[in-house]
Structure formats: C-alpha cells, structure tokens
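Student: Quick one: the structure is below, questions incoming.
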Amino acid sequence: MSVASLRVVFAGTPDFSVPCLEACRASGAEVVAVYTQPDRPSGRGRKLAASPVKQAALAAGIAVEQPESLKGAEAQARLAAYAPDLMVVVAYGLILPRAVLAVPPLGCWNVHASLLPRWRGAAPIQRAILAGDAETGVALMQMEAGLDTGPVLAERRTPIARDDTGGSLHDRLAALGAELLGAGLARALAGETLQATPQAVAGAAYAHKLDKAEAHLDFTRPAIELERQVRAFDPWPGNDAEIAGERVRVWAAQALDASHAGAPGSVLAAGRDGIDLACGSGVLRITTLQRPGGRRITAADYLNARPELRRHAP
C-alpha cells in the first residue's frame with residue numbers, strides 16, 4: 001500500500017551530496033527543507049561561498065537552513081516545525097544529536113560511501129584506495145547515535161580499478177549512492193518498511209579525515225603503496241615529492257615490480273614513458289606531475305625542461 005506523501009528534510013554539504021538531493025526530488029517525495037553547512041571562505045580571495053548543496057537547493061526553490069549546530073533547543077524546534085517524515089543525511093558534516101534523530105517518525109537515513117562496517121568516518125573513498133581494497137560501494141544506513149554504526153538498509157557494490165583515483169571513485173559512488181537512495185525512497189513511498197540489518201562486529205575500520213601532512217611520497221615505502229597514495233590523493237590533497245633536487249607534485253604514477261640497487265627516491269631511468277624512482281621495494285614510475293607554479297604536465301614534457309635527467313635512461 002502506497003503512502004500519500006513523504007515529507008523529507010535533506011542534510012548535505014559537498015558535491016558528493018548533490019546527486020542524492022536530486023534523487024530525493026525525483027522520487028516523488030516532498031523535500032520541505034535542506035540543511036547544509038554555513039557559508040565558508042573559499043578561493044584565493046577567501047570570500048564566503050555557498051556549499052554545492054545550498055546552490056542546488058536555492059536553484060530548486062527549496063528552503064535552506066544553515067545552523068552552526070543542531071544541539072540547541074531552538075535549532076531542534078525549527079527542524080521539528082518542518083514536520084519531516086524522514087531525514088536524509090549525506091556528507092552533512094554536523095553531528096546529529098539523539099533528539100534530532102528522533103524527530104522524523106521514519107528516523108534518519110544516511111548514504112555512506114563504503115561497505116559498512118569497513119571505513120566508517122570521514123574519508124572512506126580515499127582510505128579504500130590506500131588500503132588496496134578490491135571493491136567498495138555505498139550503504140544506505142538507518143542512523144543511530146554512534147558514528148556510522150547504524151543498521152544497513154541496502155547497499156551497492158563496485159570494484160576499485162587499478163586506475164581509479166579519489167576523484168573518479170568519488171563520482172562513481174556519488175551516482176551509485178543516488179541510485180540506492182532513489183530505490184529506497186521508492187520502496188518507502190510504496191508503503192514498504194525497509195529491513196535493517198545490524199552491522200557485523202568483525203571488519204570494522206575507521207577512515208580518518210585526510211590531512212595535508214600525509215601528502216608526501218616517502219620512497220622508503222613499497223612502490224605499490226605509493227601508487228595507491230597518488231591515486232587516492234587525486235584531486236586532493238595531491239602528493240609532494242622530490243625529483244633530483246626539485247620539489248614537484250605528482251599526479252599519476254605506476255608501480256613497477258622491479259629490483260634495483262638505488263637509494264630511495266633516486267632516479268633510475270627517465271624517458272618518454274616516465275621517470276622511474278627507486279622505492280623501498282619496487283620502482284615508482286611517475287607519468288604526470290606539476291612543477292611549482294605550473295600546471296599538470298607529462299613526464300616527457302618535464303624532461304624537456306630537465307634534459308640532464310635523461311642520462312639516467314637505459
């Protein structure tokens with residue numbers, strides 16, 4: 001038996017959240033308000049900028065709320081005044097207190113970019129690549145007080161390809177999350193109660209927020225780990241490295257299973273295919289990089305500016 005209507009409050013902030021907001025609107029549910037982070041300084045001018053979710057909501061004519069916190073009675077009363085049947089949360093960035101979780105009769109759903117319980121927390125996409133996971137996915141979760149610990153209503157899986165970056169996987173999971181949410185809303189609108197499956201105790205892992213301090217290639221580590229780091233940190237925060245005395249940013253690299261006697265970080269070979277640097281085990285071939293103040297260029301273009309490195313070519 002279908003329900004006449006479903007009043008939804010949507011909470012999200014970054015680009016990742018926007019497809020899910022559109023899925024809410026396309027489902028037939030009534031999005032009565034959108035909650036998003038307050039405007040933050042952005043760009044070189046540090047001017048206040050609206051979040052991607054706020055921009056999408058305003059373009060759709062939806063009321064926007066931007067509280068600094070949801071812990072106060074006033075903010076909670078304002079949310080309750082929208083009389084939502086359901087709250088959908090996607091990368092919102094604020095903790096939802098128990099009182100907020102209890103406002104909608106159907107509770108709060110969260111779209112999370114991992115296969116829970118693996119990679120709870122802030123950076124599940126990048127951590128999955130860094131760990132060398134063969135697959136990841138998105139989970140539709142019934143929220144509870146713990147951080148990403150609630151029971152799972154549905155999930156979708158996707159393999160992690162050898163050439164996936166943080167950016168490419170982000171975009172694929174954002175689309176997959178919107179599909180998953182849309183299907184869940186369709187079932188709710190049809191009057192179905194989604195079955196919630198408690199998360200397994202085994203296999204839980206926490207995805208710590210990315211830190212710029214991590215964005216350095218340590219060539220004493222295995223080449224395959226550095227390849228994963230380069231992929232995971234594209235487009236943010238990128239990876240800094242040193243090539244024969246020059247600090248560069250590395251955007252694409254490939255691990256080669258090759259033995260060598262070079263010191264970590266030393267140039268073993270340089271040619272059109274890339275610049276091979278010695279690692280703790282294996283070789284990292286850098287194929288795309290960026291000089292200070294420059295743009296992304298191929299290794300071949302970089303070597304045109306530093307022809308002395310070609311002497312390392314076999």
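Student: L226 passes all but one of (1) surrounded by fewer than 16 Cβ atoms within 10 Å (Cβ to Cβ); (2) in contact with a strand residue (DSSP E or B) (Cβ under 9 Å, 6 or more places away or on another chain); (3) closer than 20 Å to A161 by Cα; which number fails?
Tutor: (1)
Student: Could you tell me whether any residue of segment 161-174 is in a helix (DSSP H, G or I) and closer than 17 Å to V88 by Cα?
Tutor: Within segment 161-174, one or more residues are in a helix (DSSP H, G or I) and closer than 17 Å to V88 by Cα.
Student: Among the residues of segment 94-108, is there at least one that is of a type in the set (K, R), surrounded by 14 or more Cβ atoms within 10 Å (Cβ to Cβ) and either at pLDDT 95 or above or in the same structural domain as T13 (by TED's automatic domain parsing) (or both)?
Tutor: In the first step, residues of segment 94-108 are kept if they are of a type in the set (K, R); the result is 98.
Next cut, surrounded by 14 or more Cβ atoms within 10 Å (Cβ to Cβ) only: none.
Among the residues of segment 94-108, not one is of a type in the set (K, R), surrounded by 14 or more Cβ atoms within 10 Å (Cβ to Cβ) and either at pLDDT 95 or above or in the same structural domain as T13 (by TED's automatic domain parsing) (or both), which makes the answer no.
Student: Here's a follow-up. All but one of (1) closer than 21 Å to P222 by Cβ; (2) surrounded by fewer than 20 Cβ atoms within 10 Å (Cβ to Cβ) hold for L284; which doesn't?
Tutor: Among (1) closer than 21 Å to P222 by Cβ; (2) surrounded by fewer than 20 Cβ atoms within 10 Å (Cβ to Cβ), L284 violates only (2).
Student: Can you say whether L70 is touching a helix residue (DSSP H, G or I) at 6+ places or on another chain (Cβ under 8 Å) and buried (at least 17 other Cβ atoms within 10 Å of the Cβ), as far as the supplied structure shows?
Tutor: Yes, satisfied.
Student: Which residues, counting only those in segment 156-186, are loosely packed, with under 14 Cβ neighbours inside 10 Å and among the basic types (K, R)?
Tutor: R157, R162
Student: Shifting gears a bit: All but one of (1) in contact (Cβ under 8 Å) with a residue 60 or more places away in the chain; (2) among the small types (G, A, S); (3) touching a strand residue (DSSP E or B) at 6+ places or on another chain (Cβ under 9 Å) hold for G274; state the number of the condition that does not hold.
Tutor: Exception for G274: condition (1).
Student: So which residues in segment 113-126 are basic (K, R) and either in contact with a Gly (Cβ under 7 Å, 6 or more places away or on another chain) or surrounded by 23 or more Cβ atoms within 10 Å (Cβ to Cβ) (or both)?
Tutor: R118
Student: Look through G282, G294 and report the one residue that is more than 16 Å from L130 (Cβ to Cβ) and in contact with a helix residue (DSSP H, G or I) (Cβ under 9 Å, 6 or more places away or on another chain).
Tutor: Checking each option against the conditions leaves just G282.
Student: Another one. Looking at segment 202-239 only, could you name the residues that are polar (S, T, N, Q), touching a helix residue (DSSP H, G or I) at 6+ places or on another chain (Cβ under 9 Å) and in contact (Cβ under 8 Å) with a residue 60 or more places away in the chain?
Tutor: Q229
Student: Next up: Looking at (1) touching a Cys at 6+ places or on another chain (Cβ under 9 Å); (2) within 26 Å of W119 (Cβ to Cβ), which is the only condition V31 fails?
Tutor: Single failed check for V31: (2).
Student: Okay, moving on. State all residues of segment 80-110 that are touching a strand residue (DSSP E or B) at 6+ places or on another chain (Cβ under 7 Å), touching a residue at least 40 places away in the same chain (Cβ under 8 Å) and not in a loop (DSSP other than H, G, I, E, B); if no residue qualifies, say none.
Tutor: Within segment 80-110, L86, M87, V88, V89, V90, L101, W109, N110 qualify.
Student: For residues that are assigned to a helix (DSSP H, G or I) and touching a Ser or Thr at 6+ places or on another chain (Cβ under 8 Å), tally how many sit in segment 117-126.
Tutor: Residues flagged as assigned to a helix (DSSP H, G or I) and touching a Ser or Thr at 6+ places or on another chain (Cβ under 8 Å) within segment 117-126 amount to 2.
Student: Of all residues in segment 268-314, which are closer than 14 Å to E242 by Cα, among the hydrophobic types (A, V, I, L, M, F, W, C) and assigned to a loop (DSSP other than H, G, I, E, B)?
Tutor: C279, the sole residue that qualifies.
Student: Out of segment 251-284, which residues are within 14 Å of R310 (Cα to Cα) and of a type outside the set (A, V, I, L, M, F, W, C)?
Tutor: S266, G271, R272, D273, G274, D276
Student: Shifting gears a bit: From the list G191, G146, G150, pick out the single residue that is more than 27 Å from G238 (Cβ to Cβ), at pLDDT 95 or above, assigned to a loop (DSSP other than H, G, I, E, B) and more than 15 Å from the chain's Cα centre (by Cα).
Tutor: G150
The values are calculated or read from the model by the stated rules, or taken from the named source; none is laboratory data. Values in this document were obtained by computation on a predicted structure and should not be read as measured data. Heads up, the Cβs are rebuilt from the backbone with ideal geometry, glycines too, and the neighbour counts pull from every protein chain shown.
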